[in-house]
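Only one structure is covered here, and it is reproduced in the block below.
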Amino acid sequence: MNIILLGPPGAGKGTQARHLVETRNMIQLSTGDMLREARTSGTEMGRIVADVMDSGQLVTDEIVIGLIREKLEGDRAGGFIFDGFPRTLPQADALAELLAAMGEKLDAVIEMQVDDAALVARITGRFTCGDCGEVYHDVTHRPKVDGVCDKCGGTNMKRRADDNEDSLRQRLMEYYKKTSPLIGYYYAKGQLRTVDGLAEIDDVQKAIAAILD
Ligand code: AMP
């Protein structure tokens, strides 16, 4: 199974992707994670990527398509979860071509619907465990012991440089201008499914499972 998780920043794509990795042996392909890794590389490309990400704008299609192409050459396991990719129509077309060339297809595009007011609150309180990636929130999901990950015991909590109100506003603008047209695109292809991203995490998991089973 190959699926896309589609939705604005803070919709819960990463959290749901991680659950699918654990329960279905799928492979999470998050272009955001790949780019965060690239920006620490100390290269000129990494520096450019860092500036673009911090401003809340989109990195060029060429760069992200290249990153995805590389990952698709590896292990396929229980299928791919595209998390944060595609974000533009050219990226969507490139993905269709890449999958077709591999003899694979998209099984579902799951749109996680949320309203903007909720996103500001979610994003500005968000932090993650730098060791295992578990996602926490200052108000709604604090670790049992402050600074210690419930899941892996790590103490390396991280906040993203772009998880602030100014960057978020720009990221939302980019989402509505460039990514939200994909909703119509996949609807027209008969692949779009929608879940309520504001429901409790368990309920969102169940809604996604109902689509995949
Ligand atoms: P994310 O972790 O998915 O929220 O992505 C963080 C940032 O990485 C975005 O705000 C963009 O600057 C960049 N980014 C991630 N995925 C893409 C993509 N598919 N196309 C362009 N830029 C991306």
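Could you identify the single residue in Arg36, Arg69 that is surrounded by fewer than 20 Cβ atoms within 10 Å (Cβ to Cβ) and near the ligand (Cβ under 10 Å from one of its atoms)?
Arg36
Output the number of the condition that Met112 fails; it satisfies all remaining conditions of (1) surrounded by fewer than 19 Cβ atoms within 10 Å (Cβ to Cβ); (2) touching a Gly at 6+ places or on another chain (Cβ under 6 Å); (3) hydrophobic (A, V, I, L, M, F, W, C).
Here Met112 meets the rest and fails (1).
Take the residues in region 72-92 that are more than 13 Å from the ligand (Cβ to nearest atom) and of a type in the set (D, E, K, R), then tell me which one is nearest to Ile208 (Cα to Cα).
Kept after step one, since they are more than 13 Å from the ligand (Cβ to nearest atom), are these residues of region 72-92: 72-80.
The next check asks that each one be of a type in the set (D, E, K, R); those that pass are 73, 75-76.
Working: Glu73: 26, Asp75: 23, Arg76: 20 Å.
Step by step, filter region 72-92, then rank; the result is Arg76.
Is it true that some residue in region 114-130 is modelled with pLDDT of 95 or more, of a type in the set (D, E, K, R) and at negative phi?
no
Do we find a residue being within 16 Å of the ligand (Cβ to nearest atom), open to solvent by less than 60 Å² (accessible area, probe 1.4 Å) and under 18 Å from the mean Cα position of the chain (by Cα) anywhere in region 156-163?
Yes, region 156-163 contains at least one residue that is within 16 Å of the ligand (Cβ to nearest atom), open to solvent by less than 60 Å² (accessible area, probe 1.4 Å) and under 18 Å from the mean Cα position of the chain (by Cα).
Can you find even one residue in region 43-60 that is under 15 Å from the mean Cα position of the chain (by Cα) and more than 10 Å from the ligand (Cβ to nearest atom)?
No, that holds for no residue.
Would it be correct to say that Gly56 is at pLDDT below 95 and at positive phi?
It is true that Gly56 is at pLDDT below 95 and at positive phi.
One line per residue, one yes/no per condition, for (1) under 15 Å from the mean Cα position of the chain (by Cα); (2) of a type outside the set (A, V, I, L, M):
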| residue | (1), (2) |
| --- | --- |
| Asp83 | yes, yes |
| Arg87 | yes, yes |
| Glu104 | no, yes |
| Asp107 | no, yes |
| Thr124 | no, yes |
| Val145 | no, no |
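For region 76-185, please list each of the strands (runs of 3 or more DSSP E) lying entirely inside it that holds at least 2 residues being touching a helix residue (DSSP H, G or I) at 6+ places or on another chain (Cβ under 7 Å) and touching a residue at least 24 places away in the same chain (Cβ under 8 Å).
Because the criterion is at least 2 residues that are touching a helix residue (DSSP H, G or I) at 6+ places or on another chain (Cβ under 7 Å) and touching a residue at least 24 places away in the same chain (Cβ under 8 Å), the strands (runs of 3 or more DSSP E) in region 76-185 that meet it are 80-83, 108-113.
Which one of these does Val21 not meet: (1) farther than 21 Å from Asp75 by Cβ; (2) assigned to a helix (DSSP H, G or I)?
Unmet for Val21, out of (1) farther than 21 Å from Asp75 by Cβ; (2) assigned to a helix (DSSP H, G or I): (1).
How many residues, within region 1-33, are open to solvent by less than 20 Å² (accessible area, probe 1.4 Å) and in contact with a Phe, Trp or Tyr (Cβ under 8 Å, 6 or more places away or on another chain)?
Selection size over region 1-33: 11.
Please state which one of Val139, Val135 is of a type in the set (A, V, I, L, M, F, W, C) and either away from the ligand (no atom under 16 Å from the Cβ) or more than 18 Å from the chain's Cα centre (by Cα) (or both).
Val139
When you check Leu95 against the structure, is it within 13 Å of the ligand (Cβ to nearest atom) and touching a Pro at 6+ places or on another chain (Cβ under 6 Å), yes or no?
It is true that Leu95 is within 13 Å of the ligand (Cβ to nearest atom) and touching a Pro at 6+ places or on another chain (Cβ under 6 Å).
The values are calculated or read from the model by the stated rules, or taken from the named source; none is laboratory data. A quick note: this is a predicted structure, and the numbers were derived from the prediction, not measured. Note: ideal-geometry Cβ built from the backbone for every residue, glycine included; neighbour counts use all protein chains shown. Please note that ligands, DNA and RNA were not included when accessible areas were found on the heavy atoms of the full protein model with its side chains. Shrake-Rupley method; radii C 1.70, N 1.55, O 1.52, S 1.80 Å.
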